[in-house]
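Participant: Please read through the structure below; I'll follow up with questions.
The values are calculated or read from the model by the stated rules, or taken from the named source; none is laboratory data. Computed from a prediction, not measured in an experiment: that's the story for all the values here. So basically every Cβ, Gly included, is an ideal-geometry build from the backbone, and we count neighbours across all protein chains shown. To get the accessible areas, we keep the full protein, side chains included, count just its heavy atoms, and leave off ligands, DNA and RNA. Shrake-Rupley method; radii C 1.70, N 1.55, O 1.52, S 1.80 Å.
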Amino acid sequence: MKSITSLIISLIFTSCTAMKLSIPDTFKKQATNWRVQGARKNKMVVGDYSTSRIKRGLHIMSSGTNGFFLENLLLAPAGVQKQEHVSKDKTKFRYTITDQKNTADISGEEKELSRSIGYHGMNSNSIWNGLTQTEQHEYIFSAQIKTRGADSTGNWQLVMSNAYDWQIDSVKSLFKYVPSNDNGTATNGKDTIFIKSVSVRNMEGANGKQGRFPIKMLSGYELSTADGVMAIIDLIDKSVWMYNELEQKDRFITTIITTALFARKVNDTKW
C-alpha cells in the first residue's frame with residue numbers, strides 16, 4: 001500500500017507545483033494558519049511552541065512470504081504462482097514541547113501489520129507480475145500526553161487506528177487499493193477531541209488554482225469537539241489551521257496533537 005501511495009505522489013509532484021489542502025472558506029475566515037516548521041523531522045516549531053529533539057526507539061521492520069497454496073497446483077500450468085506477503089512495522093518515540101509557560105511530555109508508539117496476496121508470472125512480461133490483493137491491514141498509534149503549566153489540562157491519551165479485512169469487506173473487489181486513513185480521539189477523561197482523517201481528490205495549488213488527484217489521498221485531519229471543528233491539520237502544506245476563538249489551553253493541546261501526528265514514522269504519508 002505504501003509503495004502505491006508513494007508512486008502516485010511522486011508522479012503528481014513531478015508535474016505539479018506545490019499543493020495544499022483546500023480549506024473550506026467558512027472555516028478559513030475564522031481561523032489562523034500556523035506552519036509546522038520541521039514537520040516529519042526530529043524537531044518542530046509551531047508558533048511560540050517548540051519541541052525538544054525527538055528521541056526514537058528502534059524502528060523494527062520484518063517481512064516474510066509463504067508460497068504454499070494448493071491453488072498453485074492449478075495455476076502452475078498457466079505459468080502463475082500465488083504468494084502471501086506479511087510485513088510488520090513498529091516503533092516508539094518521545095519528546096517534550098513548551099512555550100516556556102507550559103510544557104508537555106509526549107510518548108508515542110506505532111504498530112502496523114499488513115498481509116497481502118501477490119501473483120507472479122513465470123514469464124517476466126506476464127500481466128500477473130506485480131498484482132497484489134490486500135487481505136488484512138491493521139494500524140494503531142497511541143500516545144501518552146502529560147501537560148503541566150498555566151494551561152495544563154492534565155494527562156491525555158491519544159489513539160489513532162485503521163483496520164481492513166478483505167474477508168468482511170462488503171465490496172469484494174480484486175486488487176483493491178486500501179487507503180491509509182486513520183481516525184481516533186484524544187481525551188483526558190473529561191474532555192474529548194475527535195480526530196477525523198480527510199481524504200480528498202481536489203487540491204489547491206500555490207497560486208490558488210484547483211488541482212485533482214487520480215484517487216482520494218490522505219491529506220489531513222479534522223479536529224473537533226461537540227461544539228464543532230476546532231482545527232484542520234494540512235499534511236501536504238505541513239501546517240495547522242486553528243479556530244481563532246480557541247482558548248489558550250485548547251490551542252496548547254491542539255498543537256501537541258499536531259506535532260504528535262507529524263512525529264510518526266510508520267504512518268508517514270511522505271508528503
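Participant: Can you pull out every residue in the range 114-152 that is modelled with pLDDT of 95 or more and among the β-branched types (V, I, T)?
Facilitator: I140, I145, T147
Participant: Give the residues of the range 243-263 that are open to solvent by less than 10 Å² (accessible area, probe 1.4 Å) and either modelled with pLDDT under 95 or not in a loop (DSSP other than H, G, I, E, B) (or both), sorted by residue number.
Facilitator: F252, I253, T254, T255, I256, I257, T258, T259, A260, L261, F262
Participant: Next question, about the same structure. Quick one: how many residues across the range 79-115 are farther than 20 Å from N188 by Cα and either touching a helix residue (DSSP H, G or I) at 6+ places or on another chain (Cβ under 7 Å) or of a type in the set (A, V, I, L, M, F, W, C) (or both)?
Facilitator: 6
Participant: If you go through the range 222-231, how many residues are in contact (Cβ under 8 Å) with a residue 40 or more places away in the chain and surrounded by fewer than 24 Cβ atoms within 10 Å (Cβ to Cβ)?
Facilitator: 1
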